[in-house]
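A short reminder: the numbers here are calculations on the coordinates, not readings from a lab. On a predicted model such as this, the values are computed, not experimentally measured, just so you know. With ideal geometry, Cβ positions are generated from the backbone for all residues, glycine too; neighbour counts draw on all protein chains shown.
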Amino acid sequence: MNIVLSPQRREDSLALYKSGDVLTINGEAFDFSLLCDGDTLPQGAIKSEWFVGDVTREQGQLTLHLLLPIPAHYSQAQAFPEDLIDIPEGDVALPQPLPQAEVEV
């Protein structure tokens, strides 16, 4: 599974957990196991604000486009996130914000 992150300035949080073709987003599971190679699931068919693009499966690999909320004290890694490639099972590590003390006023 690959995830393309799209940063957006907002104060909510995002927690991801991967188990096979199931991605759990803030406690809500999305099962993509029925997508076959070459299939595309349009963003509009997914009832979640977190998806900002279609879900595809190419060469056996799922690719999802997700919103990445970034706080006022965002880091460069959050503002310009790298794609998450071949995500291992378990909690998905996301770019972290700067510590509050490092925020310039």
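Computed over the chain, the per-residue total of -39500 (n - 2.57) for DSSP H runs of n ≥ 4 gives a 222 nm mean residue ellipticity of -500 deg cm²/dmol, rounded to 500. The charge dipole of the chain, taken about the Cα centre with unit charges on the Cβ atoms of Lys, Arg (+1) and Asp, Glu (-1), comes to about 220 debye, rounded to the nearest 20. Between 100, 66, 16, the Cα set farthest toward the positive side of the dipole of the chain (charges on each charged residue's Cβ, about the Cα centre) is that of 100. In this structure the amide hydrogen of residue 62, modeled in the peptide plane, comes within under 5 Å of the amide hydrogens of 2, none closer than 5 places in sequence on its chain. Among (i) 128; (ii) 98; (iii) 153, find the value of volume of the Cα convex hull per residue in Å³ that was calculated from the structure presented, and write down its label. For volume of the Cα convex hull per residue in Å³, the calculated option is (ii). Among residues other than residue 36 with Cβ under 12 Å from its Cβ, the summed charge is -3 (Lys and Arg +1, Asp and Glu -1). Taking Cβ atoms as reference points and 10 Å as the exclusive limit, the residues near residue 67 contribute a net charge of -1, counting Lys and Arg as +1 and Asp and Glu as -1. When DSSP beta bridges are restricted to pairs lying wholly in the chain, around 70% turn out antiparallel.
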